[in-house]
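Working notes, beginning with the structure itself.
Values in this text are rule-based calculations from the coordinates and carry no lab data. Here the structure is a predicted model, which means the values were calculated and not measured. Don't worry about glycine lacking a Cβ; one is built from the backbone with ideal geometry, like all the others, and counts go over all protein chains shown.
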Amino acid sequence: MAKKPTTTYICQQCGASSPKWLGKCPCCGQWNTYVEEIVQTTDRIHSAGGVLGRGISNMAVKVADIKTENVSRINTNNNEFNRVLGGGIVPGSVTLIGGEPGIGKSTLSLQIALNIPQKTLYVSGEESASQIKLRADRLKSTTDNCLILCEVTVENIIPQIRENKPGLVIIDSIQTLRTENVDSSPGTVTQIRECADLLIRHAKENNIPIILIGHINKDGNIAGPKILEHMVDTVLQFEGDSSHVYRVLRGIKNRFGTTSEVGIFEMMASGLREVSNPGELLLHNHEENTSGVAVAAAVEGLRPFVVEVQSLVATAAYGVPQRSTTGFDNKRLNMLLAVLERRAGFKLNTKDVFLNIAGGIKIIDPAMDLSVMVAVLSSDLDIPIDNQTCFAGEVGLTGEIRPINRVEQRIAEAEKLGFRRIVISRSHEKNTAILKHQIEIVHCGKIEEVFRLMFVGKRK
Ligand code: TYD
Ligand code: MG
């Protein structure tokens, strides 16, 4: 028997609940996140006796006795997407793709729906069928295998899945869905949790993979309860600067593969192009010998690529100098500037420092540190770095250059792209595998050595 609906206040950030409104969530510490939601509870037998008395449905088994099935993954015909998932979609798996508005989540998922050989049901709660058709026309693919359903009620979506038996279901987006089980409005924690639960249960029971698209909030986390990320098998983040053309699809959680792989795409007029060779994209105006530019031999995922770091150091117009970065962690830049000041004696505390990673993509690779420091100093001293040299090294708080992973791959990539010299940590001196390369390898132990090499006696 259904009880009288009661209201409760739920934190939209972490899902914590309280019988009365609170300004600050005691669980996650966020302000102003409590929203009143109606909770309808039905009587359920929750007593231990009830559960235990029902008989055991699953028996404990020895791990050695468990038979493994050879799961064949579904090829999405999109190499970058397959790469991030670890080789394709696992049947029955649930993937959550998060990203900022306008970054291309709908484009990516529609492109997958149109190219995958399996029958796909694309459920949109955000766009009309004709809007989706317009987008499909832009993507220039014609297929009879993709069904579009503009619907927001889970109770209507599940019968459609049953009827059409698709090989893949895409939900755009989980925040727009609602279920009749709960009375709160779409997008609230209770609705998201309940809708996701219904869909995930259906997916697992029928072995149908689902891709859920999720909005992100202003902190960059997927909107809705954190528990959503625990419920799904894979969480992918689609990121990039929407004013630039490059997009990175990054694995945050993956129950079936690594999270260290990334997929790189370029947004074109006709959809997202896979960038299988990232080396091609990030070297802009490389011929010019301008100050403030240094090239890093970076690794993103498992792939090495060479990327240009640009910096501009200018006298601060206002009292507090600005530190502004695109594609690089602001805190890391502050740390590197502090190291520059303390260990190398460069005073930048009255200057604005701007830093850009070319192409607008975000790179989380500690080996970028050295090139960032060199680019900043190059701009400050107005001495250009020769365009035949690239850098790969993490910088520690004492100014030491620390070893990095995949150094051989980085060196090979730099050599392939025609660089003559690469500066790396002294710790790699014992690595004999790197000696086979033609490129000159300079080992440095401290940042001072790099600065001496790059700047002393080179003033314009
Ligand atoms: P969209 O997939 O709607 O983003 P999201 O679902 O993440 O909010 O992408 C929207 C942007 O992508 C839009 O600004 C236009 C651009 N775009 C292209 O440049 N080329 C295309 O072929 C398509 C379909 C979109
Ligand atoms: Mg969208």
Residue 326's amide H: which non-local residues (gap 5+, or another chain) put their own amide H closer than 5 Å, with H modeled 1.01 Å from N in plane and none for Pro or chain starts? 355, 356, 357
Per-residue ³J(HN,Hα) for the range 263-278, Karplus 6.51 cos²θ - 1.76 cosθ + 1.60, θ = phi - 60°, Hz, x for Gly and Pro: x, 10, 10, 10, 7, 10, 4, 10, x, 8, 9, 6, 9, 7, 10, x
Cα-derived Rg to Rh of the range 331-399, Kirkwood definition: 0.93
Tell me what the chain gives for mean residue ellipticity at 222 nm when only DSSP H runs of n ≥ 4 count, each as -39,500 (n - 2.57), the sum divided by the residue total, rounded to 500 deg cm²/dmol. -7500 deg cm²/dmol
Using a cut-off of 11 Å between beta-carbons, work out the net charge of the residues near residue 93 (Lys and Arg +1, Asp and Glu -1, residue 93 not included). +2
How large is ³J(HN,Hα) for each residue in the range 410-426, as worked out from phi by the Karplus curve 6.51 cos²θ - 1.76 cosθ + 1.60 (θ = phi - 60°), to whole Hz, x for Gly and Pro? 5, 5, 4, 5, 4, 5, 4, 8, x, 6, 9, 8, 10, 9, 9, 6, 5
Taking 35 Å as R0, compute the FRET efficiency from the Cβ-Cβ separation of residue 243 and residue 437 and round it to 0.05. 0.40
When only Cα pairs under 8 Å and 6 or more residues apart are kept, what is the percent relative contact order across the chain? 12
May I ask you to evaluate 6.51 cos²θ - 1.76 cosθ + 1.60, the Karplus curve with θ = phi - 60°, for each residue of the range 64-75 and list the ³J(HN,Hα) values in order in whole Hz, giving x for glycine and proline? 5, 7, 6, 8, 9, 8, 7, 6, 9, 6, 8, 6
Could you work out the Rg to Rh ratio of the chain, with Rh taken as the Kirkwood radius (inverse of the mean 1/r over all Cα pairs)? 1.04
Restricting the calculation to Cα positions, tell me the Rg (one decimal) and the Dmax (whole number) of the range 104-159 in Å. 11.0, 33
Counting Lys +1, Arg +1, Asp -1, Glu -1, what net charge surrounds residue 301 among other residues with beta carbon under 12 Å of its beta carbon? 0
Could you tell me the calculated FRET efficiency between residue 183 and residue 452, based on Cβ-Cβ distance and R0 = 60 angstrom, to the nearest 0.05? 0.30
Need one number: convex hull volume per residue for the range 282-413, Cα atoms only, in Å³. 99
Quarter of Cα convex hull surface for the range 191-348, i.e. mean projection, nm²: 14.1
Net charge near residue 242 (other residues with Cβ under 14 Å of its Cβ; Lys, Arg +1; Asp, Glu -1) is -1
Percent of all alpha-carbon pairs of the range 94-222 at distances over 25 Å, whole number, is 20
For a protection proxy built on the mean count of beta-carbon atoms within 10 angstrom, sort 66-73, 159-166 highest first, please. 159-166, 66-73
Quick shape check on the range 403-460: root eigenvalues a ≥ b ≥ c of the Cα gyration tensor, a/c under 1.5 is rounded, otherwise prolate if a/b tops b/c, else oblate, and it reads oblate
Other-chain or far-sequence residues with amide H under 5 Å of residue 122's (modelled H): 147, 148, 149, 170
